[in-house]
């Protein structure tokens, strides 16, 4: 049940975001578009309510409930950035907005370290939700599946840290640098497109 709700919330998030951007740039109604975009965080409230209600009925927590906590954490930390990223690309495509430039070099490394901070914030929110659920249920037998998520959260932080450190040591090359490297016969690492 909870896994289905998570999937529905993810789909709902992008439907709301795309509807808001369509209203803003295709229909020319900034007020409606902004109202729809503001509603996007309410999807997290729906998911949190579904998790709480499900466990309140006496259900035993599963990995789905931990995944829901993780989803909410990342939605809180990365949601505004994802919306801004989509807005930039939508504006470029439909409103003659400036071309989205991929950061390179030290600029991209700084973005990666900012992502480390966002990820830590996301995992703090997720850990807080897991702790709150465990406390509210008050039955360790029913919430045992949630405790394993703390280790997963630590692994996620480690991966994000390694990602940022790698681009600090080996900065992301610009397209021009890649083309020069290719023409000189030197292999070059292609830039990875991440929402900025």
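The values are calculated or read from the model by the stated rules, or taken from the named source; none is laboratory data. In this text, all values refer to a predicted model and were calculated from it rather than measured experimentally. A quick note on method: Cβ atoms are made from the backbone with ideal geometry, for glycine too, and the neighbour counts reach across all protein chains shown.
Do the conditions hold for residue 34, that is, is it within 23 Å of residue 152 (Cβ to Cβ) and surrounded by fewer than 15 Cβ atoms within 10 Å (Cβ to Cβ)? Step through it out loud before you land on a result.
Details: within 23 Å of residue 152 (Cβ to Cβ): no; surrounded by fewer than 15 Cβ atoms within 10 Å (Cβ to Cβ): yes.
No; evaluated as a whole, the condition is false for this residue.
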| Residue that is modelled with the lowest pLDDT [pool: residues in region 10-33 that are more than 15 Å from residue 82 (Cα to Cα) and part of a helix (DSSP H, G or I)] | 30
| Just a yes or no: is a residue in region 115-128 closer than 26 Å to residue 24 by Cβ and within 15 Å of the chain's Cα centre (by Cα)? | yes
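Any residue in region 90-99 that is under 22 Å from residue 18 (Cα atoms) and crowded, with 16+ Cβ neighbours inside 10 Å?
Checking region 90-99: at least one residue is under 22 Å from residue 18 (Cα atoms) and crowded, with 16+ Cβ neighbours inside 10 Å.
Which one is nearest to residue 62 (Cα to Cα) among residues in region 133-149 that are assigned to a helix (DSSP H, G or I) and out of contact with any helix residue (DSSP H, G or I) (no Cβ under 9 Å at 6 or more places or on another chain)?
Pass one, region 133-149, residues assigned to a helix (DSSP H, G or I): 133-137, 144-147, 149.
Narrowing the set further to residues that are out of contact with any helix residue (DSSP H, G or I) (no Cβ under 9 Å at 6 or more places or on another chain) leaves 135, 144.
Details: 135: 16, 144: 8 Å.
Filtering first and then ranking leaves 144.
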